[in-house]
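Throughout, read-outs are computed from the coordinates displayed, never taken from laboratory work. These numbers come from a predicted model, not from an experiment. Glycine gets a Cβ as well: all are built from the backbone with ideal geometry, and neighbour counts include every protein chain shown.
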Amino acid sequence: MRTGLAAAGAVLLVAAALGWLLVFVNPLLGAALCLLSPALFLIGLILLVIGLAMDDPPRVAYMAPMAYPMCTPMTPPSNPCPVCRAPLRWILQYQRFHCGTCGAYR
């Protein structure tokens, strides 16, 4: 809306100025515009000032979705396999620890 009012004001200001110049080209049309030019000038000036003074609507910035932190794999337990004392490995599919030596899930 702001640019529309400012543009309309600028057009009316130009039309008021052209009225005086049109006297030399077409005296009848120029005389008619010369009579209207003070009103055109005032209305154009008011529209231009209002159009430039109006605030723009707030712009909404696009925010990308937040990235979720990656899940860290579980660390092996502090104690090894209770049977063979070998380190246990976490198997994500079964959500359990597995001993590679014994072949058992703990």
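Just a few scattered comments:
- Residue-count net charge about residue 81 - beta-carbon cut-off 11 Å; Lys, Arg +1, Asp, Glu -1: +3
- Taking other C-beta atoms within 10 Å as the exposure proxy, 84, 99, 34 rank 84, 34, 99 from fewest upward.
- Rel. contact order, % - alpha carbon contacts under 8 angstrom, at least six apart, the stretch 2-53: 56
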